[in-house]
Amino acid sequence: MNEKEKILSIFTKVLNGACLKKAVFSKSVSSNVIRCVCRVFASKNDESFLQLETFTSDNKAFHKNIPLSEAPEILTEMATHSYMQTNVIATDGQCEIKVSKKGKIFVLDKIAGSSPITETESHNRQKNYILASAPGHERFLYLLGLANESGRILDKKQSKFRQINRFIEHLDDVYSELPSDGELTVCDLCCGKSYLTFAVYYYLTAIKGRKIRMYGVDLKKDVITYCTDVAKRLSCTDLEFICSDISEFSCEKIDLVISLHACDIATDIVLGYAIKHKARVILSTPCCHHEMMHQIDCEELSFITKHSMLSQKLCDAATDALRCLMLEANGYSVEALELIDPDETPKNLLIRAILDPDARKQKLLSYRSQYESACRLLGVDPYLKNLMEEEKI
Ligand SMILES: C[S@@+](CC[C@H](N)C(=O)[O-])C[C@H]1O[C@@H](n2cnc3c(N)ncnc32)[C@H](O)[C@@H]1O
């Protein structure tokens, strides 16, 4: 088997075995093209196809869909003639294909081909999501503009849809930590257009059969009006949208706080709020960070902070690590998890905090002291710390 036949067999294997996550073609031989990313999607008629998303040097992206039956040949042609590098990412390994300037082909295949995506997933990835088992979920997806009338997720909303489904999976993992009886109170702080709010609402009511009181809070009046209307059309009487700064929002008791991409220090307000109300479970995915970049002052770390890009990464990590420590100092057991594949969103950290009613005071004091020394080392005065002091939490 020559290298070209080997590549054809790799594409055939991952497509027939339904284990292709994506194929990325880079180092194009054409100066107008930067790269091409290929993924399998399901059509309205439940037929799978391969979508080629080609990025051009004038910052445009073009989409082309091809039938799966034709895909192995086309991808092989692209990998051997149109691009100098191809990375095939499958569920069970990766393959790298390189073409030298002299046209010599190198294939490094580390795909086992042993664990294909399930048949259902390969035909329609939406079907394996927890949310898909919630009766009536198609209608909210349609009303929020995520899906068409027949429930098919719009191409440009696929990534958002995957994010909220992944978030629901994380919630499912900690569902048992929530009170098992009675009404649950849930807040989505900085809910925006509320895809997540509705998803969590359907998960808790339609899948888990719980009685809930849920609030979505955001500053934007237009989105709150829109979401209120959607909730009314879906007869979600126990779901209320409130136009407010989250720092001014209050409710009596709270079991679950969720927040997806609350901008900058809004995540600190979310965490401060959840701590203050002793929320049993907190699931928060931070967004952009700005505060620490303006504050950090640490000679020992200047070998990092002198490079602004590395300094931003350090500040991102330190900001979230300090948030985790503050939660720990307030009786939460905390994990910093990956929300979803970083290709979906760079803001993919999920802070998962579960209140531990038996946390020992000594342990909490030790977390607090770690927090104080980390702030001293970095020369920072985080918003969350001040918020906690102001609120006397
Ligand atoms: C990046 S969007 C995320 C929206 C939504 N959670 C999502 O993931 O689609 C951030 C949202 O936070 C809201 N926001 C930022 N600061 C806020 C604050 N202090 N109070 C209420 N909403 C706030 C903005 O209006 C915006 O809708």
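The values are calculated or read from the model by the stated rules, or taken from the named source; none is laboratory data. Not measured: the values here are computed from a predicted model. Quick reminder, even Gly has a Cβ in these numbers, built from the backbone with ideal geometry, and neighbours come from all protein chains shown. For the accessible areas, the whole protein counts, side chains as well, though only heavy atoms, and no ligand, DNA or RNA atoms are used. Shrake-Rupley method; radii C 1.70, N 1.55, O 1.52, S 1.80 Å.
Numbers below:
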{"read-out": "Nearest-ten-degree value, helix 266-276 long axis tilted from longest Cα axis of the chain", "value": "50 degrees"}
{"read-out": "Value of D in µm² per second that Stokes-Einstein yields for the stretch 124-390, Kirkwood Rh from Cα pairs, at 37 °C (0.692 mPa s)", "value": "170 µm²/s"}
{"read-out": "Phi-based couplings in Hz for the stretch 21-31 (Karplus 6.51, -1.76, 1.60; Gly and Pro marked x)", "value": "8, 6, 10, 10, 9, 9, 6, 5, 6, 9, 6"}
{"read-out": "Nonlocal amide H pairs with S28, under 5 Å, H built at 1.01 Å", "value": "M84"}
{"read-out": "Computed accessible area, K363, all protein chains, 1.4 angstrom probe, square angstrom", "value": "90 Å²"}
{"read-out": "Exceeding the 20 Å Cα-Cα cut-off - candidates K4/K102; K253/K385; K60/K101", "value": "K253/K385; K60/K101"}
{"read-out": "Dipole magnitude (debye, nearest 20) for the chain, charges at Cβ of Lys, Arg, Asp, Glu", "value": "880 debye"}
{"read-out": "FRET efficiency, 1/(1 + (r/R0)^6) with R0 22 Å, evaluated for K157 and N59 via beta carbons", "value": "0.55"}
{"read-out": "T225 accessible area, assembled protein chains, probe 1.4 Å, Å²", "value": "90 Å²"}
{"read-out": "D173, D181, ranked by accessible area, largest first (probe 1.4 Å)", "value": "D181, D173"}
{"read-out": "Cross-link partners of K220 among lysines (Cα-Cα below 22 Å; sequence separation of 8 or more within a chain)", "value": "K157, K160, K193, K232, K347"}
{"read-out": "12 Å beta-carbon shell around L50, net charge (K/R +1, D/E -1)", "value": "-1"}
{"read-out": "Fraction of beta bridges assigned by DSSP in the chain that are antiparallel (%, nearest 5)", "value": "70 percent"}
{"read-out": "Charge-dipole axis of the chain as Lys and Arg at +1 and Asp and Glu at -1 on Cβ define it, positive-most pick from V99, C187, I212", "value": "V99"}
{"read-out": "Principal axis dimensions, largest first and in whole angstrom, of the stretch 3-120 by Cα", "value": "40, 30, 20"}
{"read-out": "Computed lengthening from K101 to S150, 0.36 nm per intervening residue step minus Cα-Cα distance", "value": "12.8 nm"}
{"read-out": "Accessible surface, 1.4 Å probe, highest first, among residues E338, E372, E248", "value": "E248, E338, E372"}
{"read-out": "For R360, solvent-accessible area (1.4 Å; no DNA, RNA or ligand), Å²", "value": "150 Å²"}
{"read-out": "Label-reachable residues, the stretch 305-330, where backbone N falls under 18 Å from a point 7 Å from R360's Cα toward its Cβ", "value": "328-330"}
{"read-out": "Nearest-20 debye value, the stretch 189-311 charge dipole, Cβ charges on Lys, Arg, Asp, Glu", "value": "840 debye"}
{"read-out": "Extension gain (nm, one decimal) between K27 and C298, 0.36 nm per residue minus Cα-Cα", "value": "93.6 nm"}
{"read-out": "Rg/Rh (Cα only; Kirkwood hydrodynamic radius) as it applies to the stretch 169-261", "value": "0.94"}
{"read-out": "Simple label model, 7 Å out from Cα along Cβ direction - E391 to L219, nm", "value": "1.7 nm"}
{"read-out": "Computed helical MRE - 222 nm, the chain, DSSP H runs ≥ 4 contributing -39500 (n - 2.57), nearest 500", "value": "-10500 deg cm²/dmol"}
{"read-out": "In nm, spacing of pseudo-spin labels at S9 and S176 (7 Å Cα→C-beta vector)", "value": "4.5 nm"}
{"read-out": "Amide hydrogen neighbours beyond the local backbone of T285, cut-off 5 Å, H modeled", "value": "S259, L260, H261, A262, I351"}
{"read-out": "With Cα atoms, 0 to 90° folded angle of helix 361-378 axis to the chain main axis", "value": "60 degrees"}
{"read-out": "Extension gain, R233 back to E248 (0.36 nm per residue minus Cα-Cα distance, nm)", "value": "2.6 nm"}
{"read-out": "Listed residues L15, G136, V257: farthest to the positive end of the dipole of the chain (Cβ charges)", "value": "L15"}
